[in-house]
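Below you'll find the structure I mean.
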Amino acid sequence: MKILYLGRYNELEELTGPEKVAKRIYEQSSKENETAFAEYFFDGSQYGIIKKIFGNEVVSKVSHIYRFGFLKFFTFLFKFRPEIIHIITFERFAVLAYFYKFFTGVKIVYNVHGVAVYENNNFKNVSASLKKKDMYCESKFIKSSDALLYLSEHQLKIAKEYYKIPDEKIKFINNGIDPEFKSTEIKSDNSELPSLVFIGDSERKDKDFNFLYEILDKVKEKCNLYVVGNFNPSIYKSTVGNITIISVRKMSKDLLISFLKDKDVFISSSFYDTFSIATAECMALGLAPIVTDNTGISKLITNGENGFVVKHGDKEDLSGKINLLLENKGVRTEISIRASKIYELLNWENIFSSYNQIYKSI
């Protein structure tokens, strides 16, 4: 099968969720299909208008990864002649694929990592002009794609508030876990304070650290809360009741794995998170998860089995689940063991298999 992937390819390993999906799926697909990856000259401060129109760079000749200006990209489409175009991260330049579809009838798959119009209106500080451009492109992606890959029912529900989405186009997928996160050890109890982990910037509205922060005084056991990301000490106290908050900078994958291995409970208090690869990775390492019902991965968590799902905004529920896990080492250990089995479901080989089935079905 001849597949062209469109999006943002990050050569480094400090990846956003969509970048990680793009990189891992492309790696898996290249083992089985004839593939190429095309991206745009995104950085306006680095690339001029000539480059953005006529530019053509080979990012990786071996892996067939290219960077194009608009005109060269359109020319490449007719040269490569893909059977499927997969828009794997939301990028405005990909709208050109639909003009190519008009001439050739090529099938197009779109990964819906987020709902751009919703995020722009609620979480992001973008200009009115960019909002209009994003809405146009997102509308085109949804209207004219042959398959739309969503991560959760909650995400789909939000998207349907803005767009009419035909049921026959909707496919549900999961994001994956890198093999380095696979746990090979059972966590052992020790005399140290139990630990909670929150991954995300404390002031990001979508991560809603405030929801977690506001219940910390209800936690009955002494413990440490590690906030991995930007933390603003001028807004939040470093000690709340029995909780000591420890700010930790974002780190490389290897350092993150080493850091997480002896931690106990992971908390996603998100108001909006279409999946949460961070939750999946923490589960694979044996952290017992507590996530909100607005966190996409909640669909894979069964209360009391491999974690807990709480209603976003329900402070009694969140504090109660934290207390349950901190006060009962046996329960915490059992959930930890079952949570770590998530890797068997979410390894990238399994994830790509579901993508391949979608390719064959359209």
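The values are calculated or read from the model by the stated rules, or taken from the named source; none is laboratory data. In this text, all values refer to a predicted model and were calculated from it rather than measured experimentally. Neighbour counts are summed over all protein chains in view; Cβ atoms, including those assigned to glycine, are modelled from backbone coordinates with ideal geometry.
Residues that are of a type in the set (Asp, Glu) and farther than 19 Å from TYR9 by Cα: does segment 91-100 have at least one?
Scanning segment 91-100, I find no residue that is of a type in the set (Asp, Glu) and farther than 19 Å from TYR9 by Cα, so the answer is no.
Considering only residues of segment 238-267 that are under 23 Å from ASN328 (Cβ atoms) and touching a residue at least 60 places away in the same chain (Cβ under 8 Å), which is surrounded by the fewest Cβ atoms within 10 Å (Cβ to Cβ)?
LYS261
Oh, and also: Of all strands (runs of 3 or more DSSP E) completely enclosed by segment 15-70, which ones contain at least 3 residues that are within 21 Å of the chain's Cα centre (by Cα)?
Details: elements: 34-40, 56-60, 65-68.
Strands (runs of 3 or more DSSP E) meeting the threshold: 34-40.
Out of all the residues in segment 307-330, which are farther than 20 Å from ALA284 by Cα, in contact with a helix residue (DSSP H, G or I) (Cβ under 7 Å, 6 or more places away or on another chain) and small (Gly, Ala, Ser)?
GLY313, SER319 - these are the residues of segment 307-330 that are farther than 20 Å from ALA284 by Cα, in contact with a helix residue (DSSP H, G or I) (Cβ under 7 Å, 6 or more places away or on another chain) and small (Gly, Ala, Ser).
When the residues of segment 317-351 are filtered to those that are charged (D, E, K, R) and touching a residue at least 12 places away in the same chain (Cβ under 8 Å), which remaining residue is nearest to VAL265 (Cα to Cα)?
Among those that are charged (D, E, K, R) and touching a residue at least 12 places away in the same chain (Cβ under 8 Å), it is ARG332.
Count, please, the residues in segment 270-284 that happen to be within 11 Å of the chain's Cα centre (by Cα) and not in a helix (DSSP H, G or I).
Final tally of qualifying residues: 4.
What is the number of the single condition among (1) buried (at least 23 other Cβ atoms within 10 Å of the Cβ); (2) hydrophobic (A, V, I, L, M, F, W, C); (3) out of contact with any helix residue (DSSP H, G or I) (no Cβ under 7 Å at 6 or more places or on another chain) that ILE337 does not meet?
Condition not satisfied by ILE337: (1).
Now for a different question. Can we say ILE53 is without any contact (Cβ under 8 Å) to a residue 60 or more places away in the chain, touching a Gly at 6+ places or on another chain (Cβ under 7 Å), surrounded by fewer than 17 Cβ atoms within 10 Å (Cβ to Cβ) and not acidic (Asp, Glu)?
So ILE53 fits the description; yes.
LYS299 - would you say it is within 21 Å of TYR226 (Cα to Cα), surrounded by fewer than 24 Cβ atoms within 10 Å (Cβ to Cβ) and among the charged types (D, E, K, R)?
It is false that LYS299 is within 21 Å of TYR226 (Cα to Cα), surrounded by fewer than 24 Cβ atoms within 10 Å (Cβ to Cβ) and among the charged types (D, E, K, R).
Filter segment 77-104 down to the residues that are assigned to a loop (DSSP other than H, G, I, E, B) and within 29 Å of the chain's Cα centre (by Cα) and list them by number.
Our first condition is that a residue be assigned to a loop (DSSP other than H, G, I, E, B); within segment 77-104, this holds for 81-83, 88-91.
Matches in segment 77-104: PRO82, GLU83, ILE88, THR89, PHE90, GLU91.
In segment 80-102, is there at least one residue being free of Cβ contacts under 8 Å to residues at least 12 places away in the same chain, surrounded by fewer than 18 Cβ atoms within 10 Å (Cβ to Cβ), out of contact with any strand residue (DSSP E or B) (no Cβ under 7 Å at 6 or more places or on another chain) and not aromatic (Phe, Trp, Tyr)?
No; the residues of segment 80-102 include none that is free of Cβ contacts under 8 Å to residues at least 12 places away in the same chain, surrounded by fewer than 18 Cβ atoms within 10 Å (Cβ to Cβ), out of contact with any strand residue (DSSP E or B) (no Cβ under 7 Å at 6 or more places or on another chain) and not aromatic (Phe, Trp, Tyr).
Checking PHE308 against (1) among the aromatic types (Phe, Trp, Tyr); (2) assigned to a strand (DSSP E or B); (3) not assigned by TED's automatic domain parsing to the domain that holds ASP264, only one condition comes out false. Which one?
(3)
Listed here are the residues, each with its yes/no results for (1) under 20 Å from ASN174 (Cα atoms); (2) in contact with a Pro (Cβ under 6 Å, 6 or more places away or on another chain).
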| site | (1), (2) |
| --- | --- |
| LEU4 | no, yes |
| LYS20 | yes, no |
| THR35 | no, no |
| ALA38 | no, no |
| ILE53 | no, no |
| PHE74 | no, no |
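Here is a further query. When the residues of segment 129-169 are narrowed to those that are in contact with a Phe, Trp or Tyr (Cβ under 9 Å, 6 or more places away or on another chain), among the charged types (D, E, K, R) and within 15 Å of HIS113 (Cα to Cα), which ends up surrounded by the most Cβ atoms within 10 Å (Cβ to Cβ)?
My answer is GLU138.
For LYS171, are the conditions met, namely being over 17 Å from the mean Cα position of the chain (by Cα) and not in a loop (DSSP other than H, G, I, E, B)?
Numbers: over 17 Å from the mean Cα position of the chain (by Cα): no; not in a loop (DSSP other than H, G, I, E, B): yes.
Spelling it out, it is not the case that LYS171 is over 17 Å from the mean Cα position of the chain (by Cα) and not in a loop (DSSP other than H, G, I, E, B).
Please go through (1) within 22 Å of ILE257 (Cα to Cα); (2) modelled with pLDDT of 95 or more; (3) touching a helix residue (DSSP H, G or I) at 6+ places or on another chain (Cβ under 7 Å); (4) of a type outside the set (A, V, I, L, M) for ASP201 and return the number of the only condition it doesn't satisfy.
Failing condition for ASP201: (3).
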